[in-house]
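To keep things clear, I will list the structure first and then write my remarks on it.
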């Protein structure tokens, strides 16, 4: 499995402005076959930093997610709101507990 942690710093106030866009993204993600887990959270210490935690069954599922219309539409919105460089970490999952 592949896990991704993405920290996206946004301009002040932009996280709350993106709530509807996040909902639309999540509706699309829910339909993806290879996406096993996908959450979006706000950092308590930096409320305008979104933290995405994702899990995919394999590299192909991650690649498919990145090519979806809903992901690309969201990326178009979020790119306009960026405050700094996103920090994206892709991990090979060794073990998990449910």
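Among helices (runs of 4 or more DSSP H) lying entirely in the range 6-69, which contain 2 or more residues that are modelled with pLDDT under 95 and within 15 Å of residue 86 (Cβ to Cβ)?
Answer list for the range 6-69: 14-17.
Taking the range 15-25 on its own, how many of its residues are touching a helix residue (DSSP H, G or I) at 6+ places or on another chain (Cβ under 9 Å) and within 12 Å of residue 70 (Cα to Cα)?
4
From the list 82, 62, exactly one residue is crowded, with 16+ Cβ neighbours inside 10 Å and in contact with a strand residue (DSSP E or B) (Cβ under 7 Å, 6 or more places away or on another chain). Which is it?
62
Hey, does the range 3-11 have a residue that's touching a helix residue (DSSP H, G or I) at 6+ places or on another chain (Cβ under 7 Å), on the phi < 0 side of the Ramachandran plot, surrounded by fewer than 15 Cβ atoms within 10 Å (Cβ to Cβ) and in contact (Cβ under 8 Å) with a residue 60 or more places away in the chain?
yes
State yes or no: is residue 42 on the phi < 0 side of the Ramachandran plot and surrounded by 12 or more Cβ atoms within 10 Å (Cβ to Cβ)?
When the stated conditions are applied, residue 42 passes them.
Working only within the range 37-65, note down all residues that are touching a helix residue (DSSP H, G or I) at 6+ places or on another chain (Cβ under 8 Å) and without any contact (Cβ under 8 Å) to a residue 40 or more places away in the chain.
38, 40, 42, 47, 48, 65
The values are calculated or read from the model by the stated rules, or taken from the named source; none is laboratory data. None of the values given here were measured: they were computed from a predicted structure. Positions of Cβ are generated from backbone atoms using ideal geometry, with glycine treated the same way; all protein chains shown enter the neighbour counts.
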